[in-house]
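Visitor: Mind having a look at this structure? Questions to follow.
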Amino acid sequence: AQTVTQSQPEMSVQEAETVTLSCTYDTSESDYYLFWYKQPPSRQMILVIRQEAYKQQNATENRFSVNFQKAAKSFSLKISDSQLGDAAMYFCAYDPGGGADGLTFGKGTHLIIQP
Amino acid sequence: GAGVSQSPSNKVTEKGKDVELRCDPISGHTALYWYRQSLGQGLEFLIYFQGNSAPDKSGLPSDRFSAERTGGSVSTLTIQRTQQEDSAVYLCASSLGGLAGGHYTDTQYFGPGTRLTVL
């Protein structure tokens, strides 16, 4: 079974600074998909970024970028120019593709933004 | 248009009662997923529908849980004889499904969840 590990239960960063959230995963598959989701106190799980394992280029979405290291099975999220609205739980998720297995989530990292 | 919607937003029930949780996916999304989020277990995948069919129900926590989807749209998660350990947030997600260029293209979009409290 696949596992996803987020080793940082909580991270704190000053507003406008950069922070990196860590995620490692375990799989025997070669083709799969990785996601970062953000969950603010409103409970709504919001997609932040998606990475296809077959793509070597790291995904970026505005201030959010990933460092995808396939051999190391590592998928970290970098948030640049942190804003107060970035405060939330961040979940790393693995998807083997095809839909039927659902997403496997890490335990999450609570990101605090210091004004 | 609209995103995934779920109702009710919050549900408080007494132990032993039955509850129904509803999910309305994004229009045109053929795949639908249910997850449970609890403090002890984190986020757990429960069941997946492609159209009205759920090929694998083994993720449901017990036989008190059932789910159905009708008309390829709205889905209902039913919990019979609720227990205190069923207290959690139940999240629904939907996705377009499909392949592009030989690769799976799906991304799941989540609803706001239903917080279930069993007293």
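The values are calculated or read from the model by the stated rules, or taken from the named source; none is laboratory data. Keep in mind that this is a model prediction, so the values were computed, not measured. Here Cβ is always computed from backbone atoms with ideal geometry, including for glycine, and neighbour counts include all displayed protein chains. Please note that ligands, DNA and RNA were not included when accessible areas were found on the heavy atoms of the full protein model with its side chains. Shrake-Rupley method; radii C 1.70, N 1.55, O 1.52, S 1.80 Å.
Visitor: List every residue whose amide H lies under 5 Å from the amide H of B:T30, counting only residues 5 or more places away in sequence or on a different chain, with H placed 1.01 Å from N in the peptide plane.
Guide: Close amide H contacts, sequence-distant or interchain: B:S95.
Visitor: Keeping the other protein chains in place, figure out the carbon and sulfur percent of the accessible area of chain A, with a 1.4 Å probe.
Guide: It is 45 percent, rounded to a whole number.
Visitor: While we're on this one: Along segment A:76-91, what does the Karplus equation 6.51 cos²θ - 1.76 cosθ + 1.60 (θ = phi - 60°) give for ³J(HN,Hα), rounded to whole Hz, x for Gly and Pro?
Guide: 9, 10, 10, 10, 9, 6, 3, 10, 4, x, 7, 4, 4, 8, 10, 10
Visitor: Show the residues, 5+ positions off or on another chain, whose built amide H is closer than 5 Å to the amide H of B:A67.
Guide: B:T78
Visitor: Let me ask another. Could you run the Karplus curve 6.51 cos²θ - 1.76 cosθ + 1.60 with θ = phi - 60° over segment A:22-27 and give me ³J(HN,Hα) per residue in whole Hz, x for Gly and Pro?
Guide: 9, 8, 10, 9, 10, 7
Visitor: Evaluate the charge dipole of segment B:5-111 about its Cα centre and quote only its size in Debye, nearest 20, assuming +1 on the Cβ of each Lys and Arg and -1 on the Cβ of each Asp and Glu.
Guide: 140 debye
Visitor: Given H placed 1.01 Å from N in the peptide plane, which residues other than close sequence neighbours of A:V66 have an amide H under 5 Å from its amide H?
Guide: Correct list: A:A59, A:K78.
Visitor: Let me ask another. Would you mind computing, in nm to one decimal, how far apart the modelled labels at A:Y54 and B:F45 are, each placed 7 Å from Cα along Cα→Cβ?
Guide: For the pair A:Y54/B:F45, the computed spacing is 1.9 nm.
Visitor: Stick to the Cα atoms of chain B, pair each with every other, and give me the Kirkwood hydrodynamic radius in Å at one decimal.
Guide: 14.5 Å
Visitor: What list of ³J(HN,Hα) values in whole Hz, one per residue of segment A:49-59 in order, does the Karplus curve 6.51 cos²θ - 1.76 cosθ + 1.60 (θ = phi - 60°) give from phi, with Gly and Pro shown as x?
Guide: Those phi angles translate into 7, 10, 10, 8, 5, 7, 9, 7, 6, 6, 6 Hz.
Visitor: Tell me the Kirkwood hydrodynamic radius of chain A in angstroms, computed as one over the mean inverse distance between distinct C-alpha pairs.
Guide: Values: mean 1/r = 0.0702 Å⁻¹.
Result for chain A stands at 14.2 Å.
Visitor: Give the relative contact order (percent, whole number) for chain B; include only Cα pairs under 8 Å separated by 6+ residues.
Guide: Relative contact order, chain B: 36 percent.
Visitor: Can you pull a Stokes-Einstein diffusion coefficient for the protein assembly as shown at 10 °C (1.306 mPa s), Rh from Kirkwood over Cα pairs, as a whole number of µm²/s?
Guide: Values: Rh = 18.4 Å.
Estimated via Stokes-Einstein, D reaches 86 µm²/s.
Visitor: Moving on to the next point. Rounded to two decimals, what is the ratio between the C-alpha radius of gyration of segment A:47-115 and 2.2 N^0.38 Å?
Guide: 1.20
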